[in-house]
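The values are calculated or read from the model by the stated rules, or taken from the named source; none is laboratory data. On a predicted model such as this, the values are computed, not experimentally measured, just so you know. Cβ: placed from backbone, ideal geometry, glycine included. Neighbour counts: every protein chain shown. With ligands, DNA and RNA removed, areas are computed over all heavy atoms of the protein, side chains included. Shrake-Rupley method; radii C 1.70, N 1.55, O 1.52, S 1.80 Å.
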Amino acid sequence: SQLREEGREKTLTGSHVSLTTGSQETSCFPELRTYDFPFPCRDLIGSGRDRKPNALVQVAVIDPREQYLVSHACTEIVEGSRDPLFLTGVTFPPEYPASPETLVKLTVYDVRDKARDNVSKPLSVSFLGSATFSVSDLLRSKDDQLTLNLRSSDGVLAVGTVLVSRVNMGEMEEGDVDHITADVQQAQKCTLVCESSQATPNDKDNSPLTGAVFKNPVCKVYKFQTVDSKWMLVREQMEECTLSFSIPRQLLHLYIQEDMRRIQELRDLGELSPHWDNLRKEVIGRYGQVIAAYQETLAELNKITGPSFKPSCSKAQRYLEFIPINLHTQRMRVTCPRQTDAFYDVITVGAPAAHFQGFKGGGLQRLLSRHEAEKKSTAYQCIYYSPEHTAKAQEVLHSVGHLQPLISGLADQLLQAAQQHSMAGLREALKTLAGKTEQFVHALKDELVKSALLALHARGQQGQSPPQNPGHSPGQPSATDSPTPLKRQDSIPCHKEYDEEEWDRVWADVAKSLNCVIAMVDKLQEQEPISNNQEQPIPKQVLADVITSHNPGKRDWREQLCPLVVRLKECVAEVVVRARRAMTFVLLQEAACSIPQGLFLKQRRDVVFSQALAALACGFVMRLYAGMEDKGFLRQLHLVGLVAQFESLLSTYSEEIGMLEDMEVGISDLHRVAFKITQAKTDDPCDLQPVVIGRREHYTVEVPLPRLAFQMLPHEIKEGKALQVYPVLFNVGINEQQTIADRFGDISLQERINQRNFEILDSYYKSLSDKVPSECLPCFQTRTDLKDLLGTLGQNVVTKKRKNVEILWLAGTICRRLNGIRFTSCKSAKDRTSMSVTLEQCALLRDEHQLNKDYFIRALDCMRSRLTQGEVVCQWDSDPEAACSVAENKPASRHFYPIALLLVSSHLLVVWLILSLVFLLAKYQ
């Protein structure tokens, strides 16, 4: 169910109490090692003659030392029954200080005047009776059962009985399901995402995993009848995730570092003409403003303590714009007789979008397209570089920055091996050095570098740029070099006065220097007596046509190699300086063309990506913890990766179009993210926090595991293999605004998103089928072939149909069958999200666990109940018959649109809107 109203406003309701004893649960989440206290009521006497009560039970827990109410919850309302059967349960958080002296008070109320106009008013109830027991009474009782009389307010009249029994969590014996007192066996931990068929045993070694990332669990427990008249136990557990704040903080730190490096690179360009120097100063100033804003935001985030989530009421706050809205994990665990427990996980989060910046101009997808078109059509005082060119420039900068220190370090290793006269070490170091140098030369073998150097030389020599020449192509000289007023250029200019062959000679010198080193090592090997016939031959290096021969003579190996190695390092350093200046110049042009809109869009994209990455990291960690003992899942993880399916319920109307455009770009940017599993230094929760490294073009999220858990992983994962995630987004608007969009608006954005992401999902399935056997995937009761499901989904995404929720059902089913990560989103991850999640959960209970069809609606209403804590004003010593109001536990489907029906036809929604409007007008006239 959706245990949220602004994230954590929901309470726990139920027909039984579960008290914590403090130990831990199974491998994925802390176990609420609980005792279950079912208390079916019998022979209730209503407040009116011959009237059957609408029963509601309030559960109050009292610390006898303090003598005041510590915690309480309520069951759902069972209408018109003297022997009510409650389906919902009560669970207390693991940190709750239960002890044998703890008192539990059960108070039964008769709900009167249930139908009312204003659902926000307290519900009118009348007191029927109450009973109190202590935990120690139950522990000492025979057969762990207590039969208590419900007493009236004066303590004399018996108004019914309640049976309290204790059942250890996880016990589901065949005989227990045949009598009503045991039909609410404790439902253990809640899990969502169907794990493999093996049940995960309790393992305290795994407890540090959850405490580091998942906090503040809230649980609800249910009992539902199956088609064979048995009882299944269902437990939902919702938790906050510390990654809601830790991932954005890390990203902000990386953003600041990256932009500061960019400023330094711009300063290192050297002397430029006055015009280009002014442009550089302006770009540096803009970057400085962005850095200052990010530093201020980071400082404010570091001050925040308290809940680990951002409620929807804070979605437009500036300092919280990088934080995802209402990010929670939701896990459902189902226990049935003669069946292995099943787990279903889902991550609920508000749509990743820049709410603080607003949506008047649309979202990222529209803004980026418009900005790119404007750069091409408007006369800017810069050279136009396409997004592909700027991406290539960033890639070259990263490559040279990464490879230069590696080459320098390997060259030093080569000299060290020469000093030790170790031919084996010499050959090994040379082999690695040759490989890295070849990568270095390859990275710079691009026409963009040469052309950018030519353009940079012109800007350093001329006071003004060459004229506009839209027909120009990279590598071709411009028609004239005469000074003219600076205009935008559609291509990369080149200039005859600059030696076009100089760059080729510079990076070719690197290859020649390496071949000199190789030749010297060959000479040194010839001097050695042939005493080791097992020496492996060095592979041929074809990096240049010229190999300089040297006569090493009798000198020391290091002395002979040192001048050649120094020359190699000097050549590499010279290439790095030139390449950095050229690529930085390309990025200067891109930034100058984009001021100020480009940097604004970069900030917006940073905000959206931060929210999306926090959600993805949360889902990945949750799925990893759940599958630690599933060898098939781990094999799939390192061979292919995981699919992350984002289900969006945003409409394509008004500002939600902008949210969906933001979300589309944010989810697409997640393709730049990879995960890596590392071994934690210690088992301390601080050392188990995921760490983000990288730059905007590519990020890696390192997930640390305790030593024992890490040792269980496959060799490929332990070696640090990058684990891929394939995010896909499917959107179907379901609210009244979508009805307007379907009839009078444009839904092409939704159609395009669904079609494009179906192609990604289909491609992932084909890759999975080629590399991973079907035995690695989870088993389900419904055995529809995955290929058939994908075919049906493909047909639905191209079908013109209003509110085609079949797309969401199929995409979610395929994701679970593929061991994927499920996300559900709407504007704030509240009403629409909760409706979708609860409907999906009941459908899973029906399809996978034989939920009795007569209980489907009741189960849906129980999961959608919105009873809140803290609204019972009666105190321990007060008169139970005093004016005591209890918040109504009306099913959410009664005061929200009935989504199970509205999803079927938009006509029903229109009728509902009209009737609601007429009712409101009549009421307030």
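Yes/no matrix, rows are residues, columns are (1) farther than 23 Å from THR739 by Cα; (2) open to solvent by less than 50 Å² (accessible area, probe 1.4 Å):
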residue: THR784; (1), (2): yes, no
residue: LEU789; (1), (2): yes, yes
residue: VAL797; (1), (2): no, yes
residue: VAL805; (1), (2): no, yes
residue: ILE814; (1), (2): yes, yes
residue: LEU818; (1), (2): yes, yes
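If the requirement is being in contact with a strand residue (DSSP E or B) (Cβ under 7 Å, 6 or more places away or on another chain), assigned by the TED database to the domain that holds LEU252 and either of a type in the set (Ser, Thr, Tyr) or within 18 Å of ASP606 (Cα to Cα) (or both), which of these qualifies: THR340, THR335?
Details: THR340 fails: in contact with a strand residue (DSSP E or B) (Cβ under 7 Å, 6 or more places away or on another chain).
Being in contact with a strand residue (DSSP E or B) (Cβ under 7 Å, 6 or more places away or on another chain), assigned by the TED database to the domain that holds LEU252 and either of a type in the set (Ser, Thr, Tyr) or within 18 Å of ASP606 (Cα to Cα) (or both) holds for just one of THR340, THR335, which is THR335.
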Q: Any chance you could count how many residues in region 673-698 are open to solvent by 60 Å² or more (accessible area, probe 1.4 Å) and farther than 23 Å from TYR625 by Cα?
A: 1
Q. Among the residues of region 489-496, is any in the same structural domain as PRO563 (by the TED database), modelled with pLDDT of 80 or more and surrounded by 20 or more Cβ atoms within 10 Å (Cβ to Cβ)?
A. no
Q) How about region 67-97: which of its residues are modelled with pLDDT of 75 or more and not β-branched (Val, Ile, Thr)? A) CYS74, GLU76, GLU79, GLY80, SER81, ARG82, ASP83, PRO84, LEU85, PHE86, LEU87
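Give the residue, chosen from PHE896, PHE856, PHE823, that is touching an Asp or Glu at 6+ places or on another chain (Cβ under 9 Å) and at pLDDT 50 or above. Reasoning before the result, please.
Values: PHE896 fails: at pLDDT 50 or above; PHE856 fails: touching an Asp or Glu at 6+ places or on another chain (Cβ under 9 Å).
Only one candidate qualifies: PHE823.
So, of the residues in region 313-329 that are open to solvent by 10 Å² or more (accessible area, probe 1.4 Å) and of a type in the set (Ser, Thr, Tyr), which turns out to be farthest from SER825 (Cα to Cα)?
We begin by selecting, within region 313-329, every residue open to solvent by 10 Å² or more (accessible area, probe 1.4 Å); these are 313-321.
Narrowing the set further to residues that are of a type in the set (Ser, Thr, Tyr) leaves 314, 319.
Numbers: SER314: 17, TYR319: 22 Å.
The residue in question is TYR319.
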Q | Odd one out for LYS801, checked against (1) closer than 21 Å to ILE734 by Cβ; (2) in a helix (DSSP H, G or I) | A | (2)
(Q) So if I check each of LEU403, LEU414, LEU456, which one is assigned to a helix (DSSP H, G or I), within 22 Å of CYS593 (Cβ to Cβ) and open to solvent by less than 30 Å² (accessible area, probe 1.4 Å)? (A) LEU456
Q: For TYR653, indicate whether it is open to solvent by 10 Å² or more (accessible area, probe 1.4 Å), within 30 Å of MET835 (Cβ to Cβ), at pLDDT below 95 and of a type in the set (Phe, Trp, Tyr).
A: yes
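Could you please give the count of residues in region 259-276 that are without any contact (Cβ under 8 Å) to a residue 60 or more places away in the chain and open to solvent by 40 Å² or more (accessible area, probe 1.4 Å)? So that I can check it myself, show each step before the final result.
Applying the first criterion (without any contact (Cβ under 8 Å) to a residue 60 or more places away in the chain) to region 259-276 yields 259-261, 263-264, 267.
Narrowing further to those that are open to solvent by 40 Å² or more (accessible area, probe 1.4 Å): 260-261, 264, 267.
The qualifying residues number 4.
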Q. So is PHE744 in the same structural domain as GLU629 (by the TED database), crowded, with 20+ Cβ neighbours inside 10 Å and aromatic (Phe, Trp, Tyr) or not?
A. no
Q.
Just to be sure before I move on: is GLY694 at pLDDT 90 or above, within 30 Å of LEU397 (Cβ to Cβ) and assigned to a loop (DSSP other than H, G, I, E, B) in the structure I sent?
A. no
Q.
Checking the structure you have, find out if any residue of region 285-295 is at pLDDT 90 or above, open to solvent by 30 Å² or more (accessible area, probe 1.4 Å) and either among the hydroxyl-bearing types (Ser, Thr, Tyr) or within 14 Å of TYR319 (Cα to Cα) (or both).
A. yes
Q | Lone unmet requirement of (1) open to solvent by 10 Å² or more (accessible area, probe 1.4 Å); (2) under 14 Å from PHE730 (Cβ atoms) for SER834 | A | (2)
Q) Right, VAL334: out of contact with any Cys (no Cβ under 8 Å at 6 or more places or on another chain) and part of a strand (DSSP E or B) or not? A) yes
Q. Does any residue of region 699-708 turn out to be touching a Lys or Arg at 6+ places or on another chain (Cβ under 9 Å), farther than 22 Å from ASN757 by Cβ and assigned to a loop (DSSP other than H, G, I, E, B)?
A. no
Q. Pairs, please: C-beta under 7 Å, at least 6 apart or cross-chain, first residue not assigned by the TED database to the domain that holds LEU514 and in region 559-576, second of a type in the set (Gly, Ala, Ser) and at pLDDT below 85?
A. none
Q: Identify all residues within region 432-445 that are under 18 Å from GLU265 (Cβ atoms) and open to solvent by 30 Å² or more (accessible area, probe 1.4 Å); write none if there are none.
A: none
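Let's see how each residue does on (1) more than 22 Å from the chain's Cα centre (by Cα); (2) farther than 28 Å from SER399 by Cβ; (3) touching a residue at least 60 places away in the same chain (Cβ under 8 Å):
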residue: TYR699; (1), (2), (3): no, no, yes
residue: LEU705; (1), (2), (3): no, yes, yes
residue: LEU708; (1), (2), (3): yes, yes, yes
residue: GLY720; (1), (2), (3): no, no, no
residue: ILE734; (1), (2), (3): yes, yes, yes
residue: ILE747; (1), (2), (3): yes, yes, yes
residue: GLU751; (1), (2), (3): yes, yes, no
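Quick check: is even one residue across region 577-589 aromatic (Phe, Trp, Tyr), over 20 Å from ILE291 (Cβ atoms) and either open to solvent by less than 10 Å² (accessible area, probe 1.4 Å) or in contact (Cβ under 8 Å) with a residue 40 or more places away in the chain (or both)?
Here is the first cut: in region 577-589, the residues aromatic (Phe, Trp, Tyr) are 585.
Adding the requirement that they be over 20 Å from ILE291 (Cβ atoms) leaves 585.
Okay, now just the ones that are also either open to solvent by less than 10 Å² (accessible area, probe 1.4 Å) or in contact (Cβ under 8 Å) with a residue 40 or more places away in the chain (or both), so 585.
Yes, the conditions are met somewhere in region 577-589.
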(Q) Please pick out the residue among PRO100, PRO122 that is open to solvent by 60 Å² or more (accessible area, probe 1.4 Å), modelled with pLDDT under 80 and closer than 18 Å to VAL61 by Cβ. (A) PRO100
